[in-house]
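Enquirer: Take this structure first; my questions come after.
Where a number appears in this text, it was derived from the coordinates with a stated rule and is not lab data. Everything numeric here is computed off the predicted structure, so don't read it as measured data. Note that we place each Cβ from the backbone using ideal geometry, even for glycine, and neighbour counts take in every protein chain shown.
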C-alpha cells in the first residue's frame, strides 16, 4: 500500500481528483519545475512519486490559482502564525461537512450544542462546526470567545438550559472546565465533547470527571488546508482517527504524513501536502474495519537555538510532569535573527511548591544539552516562570506549546 490509508482498489478509481490537482499545480510558474516527469497520477505508486507540498508551496499555489467555488460563496481562512507564516485555506459554503456528517454523527436533533470555537478573524473552526451542527439538526448556542469574567454566568446558563454537548479546541475547553471547577458548577446533562484544532490533553479527562461525569469525547483531525481528514469516537484512543474516504493519507518512510484530497469539490490543491504531523497506520481498538491513523505529534517542534536543535516537546513534557504544573509553554525570543532568550512559562495549580520555577529551571537547564551549551556564557537568558495565563492566539483561542517572537513583542 506504500503507506496509504486506502487500498489501491479503493483509491485508484478516485485519483482523477489528484490528477486534476497535479495539472493545476503544474501551471504555477514557481512550482512547474518540481512536477516535470510527473504528468500522470493513475496509481498509488504514481502518487507516492510526486514531490510533496509544504505550507509555503501551497500558499504560492493558492495565490496564483485563486480558487472559486462552483456553488455558494468562496470562504478564505488562515491558521497558524504563532511559529511561522500563516497557512491559507479556501472552502465553499458548507465546508465539506456533508461528507463528514455521513461518516460521523455525534450530535442529533435532541442535543443542545455549545459552539465554543473562536468565531473571529479568519479562523474556520467555528463556522465549520456551525455547518456540521446544521446538518445534525440540533439546537445551537454560539458563544465563541469569552472573557474571564463571563465564564461563571455562561456556565450557570448552560446548567439551567441542560446543555448536552460542547465543542472547541482543547485549550479553550480546558478554560471552560477549569472555570466550572473553580465555580463549583457541574453539568450533569453534558454527554458529548467535540474537539478539533489541537491534540487532546489528559487534564481534560480529570476536568470532565469532576464537572461532567457523563460526557465523552468525539474528535476531528485536520487543518485549514485539508479540512477534516478523519474523526474518532469515545471508543477510539484520543490520538487515533479514522480517515474519511475522500481523504487519502500517506505515511512516508520518515514518519511524516502527507494528505491528498479525493473530494472533487475541494478548492485547495492538496496533493501530498505535509503539515508537519507524524503518524503511523494502525488497527483501532474500537474494532471498526479499515486502516486507522495514529498521530505521533509534530516533527516541526525541533527548533534551532544558536545552532543546536532544541526539542520543545521534550521540555514541555518534562515541565508538565512536575507536581503542580497544569500546562507549560516554551517562548523563544529572537533579536536580529539570533535567539536572545528561551523562557518556559508554567500554568500552575494550588499544588505547586513556592520554589517550583527555580527548581524546574535547574533541572531542565542541567539535563538539556542544547540549553546548557547554547547559554553557557549567558545562563540568565534561559528562565522558567510561573504565570497566570499562557500566551494564546487571540484569534483562534489556541495555546501552542511553542511561541516564537521578536524582541520587543509582548
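Enquirer: With the contact rule set at Cα under 8 Å and sequence spacing of 6 or more, what percent relative contact order holds for region 102-145?
Expert: Relative contact order for region 102-145 comes out at 53 percent.
Enquirer: So what is the calculated 222 nm ellipticity per residue for the chain, using -39500 (n - 2.57) for each DSSP H run with n of 4 or more, over all residues, to the nearest 500 deg cm²/dmol?
Expert: When only DSSP H runs of four or more count, the value is -8000 deg cm²/dmol.
Enquirer: Hey, another quick one. Ranked from highest to lowest mean number of other Cβ atoms within 10 Å per residue, what is the order of the peptides 348-357, 383-392, 322-331?
Expert: 322-331, 383-392, 348-357
Enquirer: Of the DSSP beta bridges with both residues in region 302-406, give the percent that are antiparallel, rounding to the nearest 5.
Expert: Expressed as a percentage, antiparallel bridges in region 302-406 total about 55.
Enquirer: List 321, 288 from most exposed to least, where exposure is judged by having the fewest other Cβ atoms within 10 Å.
Expert: So the ranking, lowest neighbour count to highest, is 321, 288.
Enquirer: Sort 261-268, 209-216 by the packing proxy (mean of other Cβ within 10 Å over each peptide's residues), most packed first.
Expert: 261-268, 209-216
Enquirer: Which residues among region 33-76 fall inside the zone where the amide N is under 15 Å from a point 7 Å beyond the Cα of residue 2, along Cα→Cβ?
Expert: Once the point is set 7 Å along Cα→Cβ of residue 2, 37-53 turn out to lie under 15 Å by backbone N, inside region 33-76.
Enquirer: Related question: Using a Förster radius of 25 Å, what is the FRET efficiency between residue 69 and residue 26 based on their Cβ-Cβ separation? Nearest 0.05, please.
Expert: 0.65
Enquirer: Can you give me the Kirkwood hydrodynamic radius for region 7-114, using every pair of distinct Cα atoms, in Å to one decimal?
Expert: Computed over region 7-114, the radius equals 16.7 Å.
Enquirer: What distance in nm lies between label points placed 7 Å from Cα along the C-beta direction at residue 160 and residue 355?
Expert: 5.0 nm
Enquirer: Report the full-extension gain for the segment residue 214 to residue 182: residue separation times 0.36 nm, less the Cα-Cα distance, to one decimal in nm.
Expert: 9.6 nm
Enquirer: Report the relative contact order of the chain, percent, no decimals, based on alpha-carbon pairs under 8 angstrom and at least 6 residues apart.
Expert: 15 percent
Enquirer: Rounded to the nearest Å, what's the spacing between the alpha carbon centres of region 136-169 and region 332-395? Just the number, please.
Expert: First find each Cα centre; the distance between them is then 35 Å.
Enquirer: Extending each Cα 7 Å along its Cβ direction at residue 105 and residue 380, get the distance between those two points in nm, one decimal.
Expert: With each label point 7 Å from Cα toward Cβ, the separation is 6.4 nm.
Enquirer: Mean separation of Cα pairs under 8 Å and 6+ residues apart, divided by the residue count of region 302-406: what relative contact order is that in percent?
Expert: That works out to 32 percent.
Enquirer: Now a separate question. Taking each pair of distinct Cα atoms in region 302-406 once, what is the resulting Kirkwood hydrodynamic radius in Å?
Expert: After inverting the pairwise mean of 1/r, the radius is 14.0 Å.
Enquirer: Among DSSP beta bridges whose residues both lie in the chain, state the antiparallel percentage, nearest 5.
Expert: Bridges in the chain are about 60 percent antiparallel.
Enquirer: Then there's this: Please arrange 166, 364 by counting, for each residue, the other beta carbons lying within 10 Å of its beta carbon, fewest first.
Expert: 364, 166
Enquirer: In addition: At q = 0.17, 0.18, 0.19, 0.20 Å⁻¹, what base-10 log of I(q)/I(0) does the Debye formula yield for region 193-308 when every alpha carbon is treated as an equal point scatterer in vacuo?
Expert: With no solvent term, the Cα-only Debye profile gives -0.88, -0.96, -1.04, -1.11.
Enquirer: Within the P(r) computed for region 92-191, what percentage of the Cα pairs occupies the region above 23 Å?
Expert: Of all Cα-Cα pairs in region 92-191, 25 percent lie more than 23 Å apart.
Enquirer: Given the alpha-carbon gyration tensor of the chain, what are the semi-axes of its equivalent ellipsoid in whole angstrom, ordered largest first, with each equal to the square root of 5 times an eigenvalue?
Expert: Equivalent-ellipsoid dimensions as semi-axes: 35, 30, 19 Å.
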